[in-house]
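Report on the following structure.
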């Protein structure tokens, strides 16, 4: 076990000589720059010329960002979001074309007699249609299309939301 401590310093270093300080204790130009960076570029630690230069630079960067944002073509994410939104709208329109089942009645406002009359009427209509007319069944294809439209609509809604979030994050990063 070796308990020696070795320190080699910086190449060209001399004892008692500071790199960022003059002999009288004032900072050199590099020392001033280093002190500004260490202070985190706070406005109080900057002299007027440096602060003016920093403000000018920040204003120019801000203007450039605004101008370049106006001229930037849509990103792949924005294009994908637009496509998903359009497809989602097509699915909604297609679902509207497919007739839904009968609307449910609000039974809370009906009396027992009215409810029995409704049920009896519905049963009589079914018996009549079973005896004298063609059965009004829904084909398996139509059931499958309805299922596909429901699933596709849900997937597209989720995808649209995710892409919308991605576009907003991209805008915030710029």
Filter pass, residue 151 being modelled with pLDDT of 80 or more and surrounded by 12 or more Cβ atoms within 10 Å (Cβ to Cβ):
no
Among (1) assigned to a helix (DSSP H, G or I); (2) modelled with pLDDT under 75, which single condition is residue 84 missing?
(2)
Residues (surrounded by 11 or more Cβ atoms within 10 Å (Cβ to Cβ) and free of Cβ contacts under 8 Å to residues at least 12 places away in the same chain) located in the stretch 106-125
110, 114, 115, 116, 117, 122
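The values are calculated or read from the model by the stated rules, or taken from the named source; none is laboratory data. These numbers come from a predicted model, not from an experiment. Quick reminder, even Gly has a Cβ in these numbers, built from the backbone with ideal geometry, and neighbours come from all protein chains shown.
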